[in-house]
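The values are calculated or read from the model by the stated rules, or taken from the named source; none is laboratory data. On a predicted model such as this, the values are computed, not experimentally measured, just so you know. Don't worry about glycine lacking a Cβ; one is built from the backbone with ideal geometry, like all the others, and counts go over all protein chains shown. Keep in mind that these areas ignore ligands, DNA and RNA; they rest on the heavy atoms of the full protein, side chains included. Shrake-Rupley method; radii C 1.70, N 1.55, O 1.52, S 1.80 Å.
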Amino acid sequence: MNLLASIVLLLVTYECVGFWRLPCNSPVIVERTDPIVNPGTFSTHMHTVVGGINYSPNVDYATARKGNCSSCLVKEDMSNYWVPNLYYMASNGTFTPVKQVGGMLVYYLQRGNVKNYAFPEGLRMLAGNPMLRSYNSSAPTNTEESRRQRAISFACIDYSNPNPEVGYIPNKNCPQGLRAQVFFPSCWDGVNLDSPDHRSHMAYPSLIDNGDCPTTHPKRLVSIFYEVMFSVNDFKDMWWNSTKHPFVFSNGDPTGYGYHGDFLNGWDVNVLQKAVDNCNAASGVVEECGEFSFFTNDQTNKCKAKSYFPEKVVKYDDRGYLKSLPGCNPVQYGPQQAVMYDCDAELTRTPSSTSAASSKVIGSQALLLLTILLCTLML
Ligand SMILES: *[C@@H]1O[C@H](CO)[C@@H](O)[C@H](O)[C@H]1NC(C)=O
Ligand SMILES: *[C@@H]1O[C@H](CO)[C@@H](O)[C@H](O)[C@H]1NC(C)=O
Ligand SMILES: *[C@@H]1O[C@H](CO)[C@@H](O)[C@H](O)[C@H]1NC(C)=O
Ligand SMILES: *[C@@H]1O[C@H](CO)[C@@H](O)[C@H](O)[C@H]1NC(C)=O
């Protein structure tokens, strides 16, 4: 079956409802915390966080809801959205933060041919695996493990020489930025708001960003997809190895396979449900959704969370450098899964068996994103 036929089939099989883009203008904080994975304490690595002002290592749904501002535009949304941040690693082993362009763009997508539900109060979830350092092609494509890997992608933006999206940080400069992308699972078990691994209460539908939910996770929630842009072009003259890019994520990942995202629901759930039901503008422009009210851009940019673990972090603008990544995150190239160290530098986890690195272009992901685009055009 050729590409066009596949897309037509997808369009016929699955209704394309609509979407909106939620602009989050700036981080609400950049800090080594993660209230989902490490509640009440510091996290193993740095995160760049957008969303509601009440973000903290202890934030829960009720606390998040009490916030009076967000770095994202919609007033009814006090959710937090976070991902690792990116560093430039010099040949002498020091690190300088790579500037993040703005904050984050969060896509809210109504997908599948069934009713989409709002996130329930208190839902939290994680997408991606910080320990991955290669693409494990031995996982069959119809498994959750495979879908979790394919949900991570990178767009190396070069207007004069467009690049395909890939599952890793490519070894080329991206003049208009490196866009890190993570698609979240949208099938819920209908019971648990979280789970010990913060993932297994959720599952991907058959096509990751579309298709059917498994019977174990039958309740279809709205889908979310994060885009974060890093200004890697600022370092274009500082590559010290012509065949290998000099970037590393805060979790010690120089590959991109270990990129991940976290979501903590802070929505007024009734408003979100109305928006999921009614806001189907083909443009994706959030202001066209009549269910929402909005902060001004100035209010979003001024909205900053209180810092809980102030630690000496070099600000991008200082052009200073760190001797190591905050936390205990030695740079680990893989291809085997990374070993996690805690901050007493104790080995807390043994490495799992080595798998061959695969630098394959994720064609299926590209196909799905093309489907999104076509769905959009058809509306
Ligand atoms: C939120 O509350 C703080 C402290 O009371 C106040 O300074 C700030 O202006 C408020 N922000 C908004 C957007 O209302
Ligand atoms: C390491 O290299 C960077 C980039 O060339 C430079 O700015 C920094 O001063 C160096 N640090 C040390 C400790 O030599
Ligand atoms: C790769 O996937 C296979 C099949 O699911 C699994 O048995 C193996 O442990 C995975 N390897 C790594 C390094 O994750
Ligand atoms: C440059 O990177 C390649 C991998 O892409 C590696 O094999 C080589 O050793 C690196 N060279 C230096 C000088 O680090």
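General observations
- E287 - accessible surface, heavy atoms, 1.4 Å probe, Å² rounded to 10: 110
- Taking 37 °C and 0.692 mPa s as conditions, the stretch 191-313 diffuses translationally at an estimated 170 µm²/s according to Stokes-Einstein applied to its Kirkwood radius (Cα pairs).
- Top positive-direction residue, dipole computed over the stretch 229-333 with Cβ charges, set C289, C303, V331: V331
- Subtracting the Cα-Cα distance of L193 and S324 from 0.36 nm times their residue separation leaves 43.6 nm of extension gain.
- Taking label positions 7 Å along the Cα-Cβ direction at both N68 and S206, the computed distance is 5.0 nm, reported to one decimal.
- Here the simple spin-label model places points 7 Å from the Cα toward Cβ, and for K236 and N297 these points are separated by 2.5 nm.
- The stretch 85-118 residues near the modelled K244 label - backbone nitrogen below 14 Å, point 7 Å along Cα→Cβ: 89-94
- Accessible-area composition of the stretch 79-126, carbon plus sulfur, in percent [1.4 Å probe]: 50
- Among the trypsin sites (Lys or Arg not before Pro) within the stretch 91-143, those in coil by DSSP and having at most 12 neighbouring Cβ atoms inside 10 Å are K115.
- With every protein chain in place, the stretch 20-72: carbon and sulfur % of accessible area (1.4 Å): 52
- Taken one residue at a time, the phi angles of the stretch 58-68 give Karplus couplings (6.51, -1.76, 1.60, θ = phi - 60°) of 10, 4, 10, 4, 4, 5, 4, 4, 6, x, 9 Hz. Gly and Pro are set to x.
- Around E288: net Lys/Arg minus Asp/Glu count, Cβ-Cβ under 15 Å: -1
- For the stretch 127-226, the share of accessible area belonging to carbon and sulfur comes to 53 percent (1.4 Å probe, ligands and nucleic acids excluded).
- Pair T143, K219: separation of 7 Å Cα→Cβ label points (nm): 2.8
- Label-zone membership for the stretch 239-267, site D60, 7 angstrom Cα→C-beta point, backbone N under 20 Å: 263-267
- Average accessible surface area per residue within the stretch 158-285, 1.4 Å rolling probe, Å²: 35
- The distance separating the Cα centre of the stretch 158-190 from that of the stretch 60-86 comes to 23 Å.
- W240 accessible area, 1.4 Å probe, all protein chains in place, Å² to nearest 10: 120
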